[in-house]
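Asks: I am attaching a structure below and will ask some questions about it afterwards.
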Amino acid sequence: MSNLETSRGNWGSKFGFIIAAAGSAIGLGNIWRFPYVAGENGGAAFVLIYIIFVVLIGLPVMIAELAIGRNTEKNPVGAFKKLFPQSLWKAIGGLGVITGIGILSFYAVIAGYTVGYFIKIILGDFSAVESAAQSGQIFAAFTANPYISIGLLLVFIILTVLVVMGGVSAGIERWSKILMPLLFLLLIILAIYSITLEGASKGLSFYLKPDLSKITLTTFARALGQALFSLSLGMGTMITYGSYISKRDNLVTSAAYVCFFDTLIAILAGLVIFPALFAMGMDPAGGPGLVFVVLPSIFAKMPGGMIFGAGIFLLLAVAALTSTISLLEVPVAYFVDEHGWSRKKAVVSMGAITFIIGIPSALALGANHFFSTFIKENFGFLDFMNALFGNYSLSIGAFFIAIFAGYKWGVNAISREIQEQGSVFYFRPIWAFLIRFICPIAIFVILAYIAWTGNYF
Ligand code: TRP
C-alpha cells in the first residue's frame, strides 16, 4: 500500500510507464552510440553478442531494478537504505547518482550536436554535399568551434532542467507518446532507402553476417557496456522510474516491451547507417562522428532529403531529451528524498554541475587539442567519460544489482513484489538462474579480463 501515490506521483497508466521507460532507454545510445560501437567491433559479430546480452543480462537486471524501485518507492540510494538500513549497499546507489551526472555530462554534448545539426540542415549547410569526405569536413569544422559546442551543451542542459523541474509523469509522458512512433517511422523509411543504394549489400553483410573469428573478449566487454547503456541499466534509472509504477502493472511484461523496442530501434539504426556507409565507401570504424557524417550524406542524395534530415535530427533531439531527463532525475530524486532539497534547488544545482563537467567533453572533438587527445590520438575526453561511466561504472553497478537481487534481498522478495495484485511470475526459475548465475559471472569475467589486460579503451 502506498500513500506515496499521491505525494510522489505515478505514471498515468501502464502504457504511460512503458512509453516513459522506453523514452529513457531509446535515445542517442541506439542511434549514435550503437552504430559506431558496432562498426568499431566487427559489425555482425558484435550485434549477435549484443542481442544475447540484452536477453540474458539486460532483461533480468531491468526486472530487478524495477522491482526494487516499485517496492521501495525511492531513488537508488534511498531504496538500498530502506531495505537494508545499516549496510553498505547504499554505496551502489551513490555510484548510480554519480554515474548519472557523468553520463549526462557527455551525453548532453552529443544531444546538443543533434540540435546544431537540425539548425544546420535548415540553413542549407548540406545542400552542396557530394561526398562523405565533405560531410566529414563539415562535422569536423562544426565540432572544432568551442563556442558552438559549449553553447549547444548549455542549451540542452537548460532544456533538460526545464522538463525535470515539472515533475515526472507530467513532464515525460506527454513528450514521448507521439514522437517516438514518428521516429520509428522515419527510421524505417530511411533504412529502406539506405538498403536500396548501389553497393549497399556489402554493408548488409558486414552488419548481419557474423564473422565469428572476429569475436574477442573485448567484443564482449563493449557489447555488455552498450547493452546496459542502451537499456538505461546499472545506475538505478530503472529503480527511480520503477518507484513511480503502479502495483497493478506487470513488471516483467513492461520490462520485456522496453527491451524489445529499444533493441528494435538500435537494429534499425544500423540498417540505416551500414548499407549507406558501405555504399559510400567509408570506414565503419569512424568513431563518435559516424552518424553525423553518414546521415547528411544520405540526405544530400535523397529526394526531399533535407526536409527528411531536419525531421530526423529534430526527433533525435527529442529522443535524447527523454533520455537526459531520466539521467538527471536520478541525482534530483536523491537530493529531494534523502536531503530534503526542494525540487527546484536540486534540478538547478545538478544541471549547473553537469554543465561544468560537460565542458571538457564539448571541447573533445577538435576544439581543444588537450581534451581531444586526452587518452590517445582520436580518443579524447568525451570517449574517456563514455568508457568510464557508460561502460565500466554501469557494468559494476549491474553486477552488484544482480548480486543484491539474487542473494541479498533475494529471489523470493523480488517475486513477491512482481506478483503484487495478482500478476503471475511465469519465468521465475529462468529469471532466478540468470540473475544469480549468468549475470554476475558474465559481468565479473568481463571486468576481470579488462582489468587484467588493461584494455580499458
Ligand atoms: N539509454 C539511453 C540511450 O540509449 C541513455 C540513458 C538514459 C542511460 N538513462 C540512462 C544510460 C541510464 C545508462 C544509464 O540513449
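Asks: Once neighbouring chains are kept in place and the probe is 1.4 Å, which whole percent of the accessible area of the range 33-184 is contributed by carbon and sulfur?
Replies: Details: 3870 of 5390 Å².
C and S fraction of accessible area: 72 percent.
Asks: For the chain, with the dipole built from +1 on Lys and Arg beta-carbon atoms and -1 on Asp and Glu ones, taken about the Cα centre, which of Leu185, Gly96, Thr114 lies farthest toward the positive end?
Replies: Gly96
Asks: Right, another one. Shape call for the range 187-295 from the C-alpha gyration tensor, a ≥ b ≥ c root eigenvalues: rounded (a/c under 1.5), prolate (a/b greater than b/c) or oblate?
Replies: Judged from the Cα gyration tensor, the range 187-295 comes out prolate (a/c at least 1.5, a/b above b/c).
Asks: Per residue, how much accessible area does the chain have with a 1.4 Å probe, in Å²?
Replies: On a per-residue basis, 37 Å².
Asks: Highest first, please rank the peptides 328-339, 420-431 by the mean number of other Cβ atoms sitting within 10 Å of their residues. Before the final figure, lay out each step's value.
Replies: Working: 328-339: 23.1, 420-431: 13.7.
Averaged packing, sorted descending, gives the order 328-339, 420-431.
Asks: Considering only protein heavy atoms and a probe of 1.4 Å, how much of the accessible area of the range 360-456 is carbon and sulfur, as a whole percent?
Replies: Answer for the range 360-456: carbon and sulfur cover 66 percent of the accessible area.
Asks: 222 nm [θ] for the chain, helices only, -39500 (n - 2.57) per DSSP H run of 4+, per residue, to 500?
Replies: Result for the chain: -23000 deg cm²/dmol, rounded to the nearest 500.
Asks: What ranking do 356-368, 192-204, 303-315 get when scored by the average of other Cβ atoms within 10 Å per residue, highest first?
Replies: 356-368, 303-315, 192-204
Asks: Please compute the Cα-Cα pair-distance distribution of the chain with 10 Å bins starting at 0, giving whole percents from short to long.
Replies: For the chain, the pair-distance distribution reads 5, 22, 33, 26, 11, 2, 0.
Asks: Out of the range 268-364, which trypsin sites (Lys or Arg not before Pro) are coil in DSSP terms and have no more than 16 other C-beta atoms within 10 Å? Display every interim value, and only then the final one.
Replies: Numbers: sites: Lys301, Arg343, Lys344, Lys345; in loops: none.
Sites meeting the loop and neighbour criteria: none at all.
Asks: Right, next: For the range 225-278, which whole-number percentage of the solvent-accessible area (1.4 Å probe, protein heavy atoms only) is attributable to carbon and sulfur atoms?
Replies: Using a 1.4 Å probe with all protein chains present, the range 225-278 comes out at 72 percent carbon and sulfur.
Asks: Quickly rank 374-382, 435-443 as a protection proxy: mean count of other C-beta atoms within 10 Å, highest first.
Replies: Top of the packing list down: 435-443, 374-382.
Asks: Now a separate question. Could you tell me which of Leu154, Gly199, Ile245 has its Cα farthest along the dipole of the range 154-245 towards the positive end, charges placed at Cβ (Lys, Arg +1; Asp, Glu -1), taken about the Cα centre?
Replies: Going by the charge dipole, the pick is Gly199.
Asks: Angle between the Cα long axis of helix 251-279 and the longest principal axis of the chain, 0 to 90 degrees, nearest 10?
Replies: The angle comes out near 10 degrees.
Asks: Taking a threshold of 32 Å on the Cα-Cα distance, which of the pairs Lys177/Lys247; Lys376/Lys408; Lys177/Lys345 fall above it?
Replies: Going by Cα-Cα distance, Lys376/Lys408 fall outside the 32 Å limit.
The values are calculated or read from the model by the stated rules, or taken from the named source; none is laboratory data. Please read all numbers here as calculations on a predicted model, not as lab measurements. In this analysis, Cβ positions are derived from the backbone assuming ideal geometry, glycine residues included, and neighbour counts consider all displayed protein chains. For the accessible areas, the whole protein counts, side chains as well, though only heavy atoms, and no ligand, DNA or RNA atoms are used. Shrake-Rupley method; radii C 1.70, N 1.55, O 1.52, S 1.80 Å.
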